[in-house]
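The values are calculated or read from the model by the stated rules, or taken from the named source; none is laboratory data. Just so we're clear, the structure is a prediction, and the values are computed from it rather than from any experiment. Glycine gets a Cβ as well: all are built from the backbone with ideal geometry, and neighbour counts include every protein chain shown.
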Amino acid sequence: MTEIHESVTALCPHDQTPLAAVAYIDSLPLEDGKRVAAIRVEAGDRIVERRVDMSLNPQDPGVEPDSVIMDIRWGPHDGDPNPFFTGTLTAEDTGGNFCRLNLDGSYEAPLGFAGQLFDAVVGQRIELAVCRQVLDDIKTAFELAFQTGMTIA
């Protein structure tokens, strides 16, 4: 398994992120009962395009009032030989209308030893770029939800 840790600041209060997460997932096309995200990233001189089944679910509120934790998962749509990612997206209060989105999780290269070898040579860079793109897409969706006046009732 390979660990991924990425962060970005978003213009969206942390307490608004559960509803923003639902809005983001609901905005993705529904295919075969699953939400599908299209991801396109540049990895060196290659362009990688993927369609992944995506889920983002806020956990029950815990005792930490300054953060919201959401389970996040994505994996290949249509059985492509791509990694499955499992982790958490944490929205931390940074004051005002901003939060820090932290993506933490792991993936395992598919295809056994051949997949591990590919991952060691180039796959890690591709998967890191995919994680950054997913995080940027979520950030953009959260900011749009906040800027258009979506609030938790």
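Restricting attention to the stretch 77-107, the residues being within 14 Å of the chain's Cα centre (by Cα) and in a strand (DSSP E or B) number 16.
Restricting to the stretch 15-27, name every residue that is within 13 Å of Leu89 (Cα to Cα) and buried (at least 21 other Cβ atoms within 10 Å of the Cβ). Thr17, Ala20, Ala21 - these are the residues of the stretch 15-27 that are within 13 Å of Leu89 (Cα to Cα) and buried (at least 21 other Cβ atoms within 10 Å of the Cβ).
Answer yes or no: is there a residue in the stretch 42-49 that is modelled with pLDDT under 95, among the basic types (Lys, Arg) and more than 14 Å from Glu127 (Cβ to Cβ).
no
Each residue in the stretch 10-40 was checked for being more than 14 Å from the chain's Cα centre (by Cα) and farther than 30 Å from Gly96 by Cα, and 6 pass. In the stretch 56-83, the residue that is nearest to Leu128 (Cα to Cα) out of those that are touching a Pro at 6+ places or on another chain (Cβ under 8 Å) and crowded, with 16+ Cβ neighbours inside 10 Å is Pro83.
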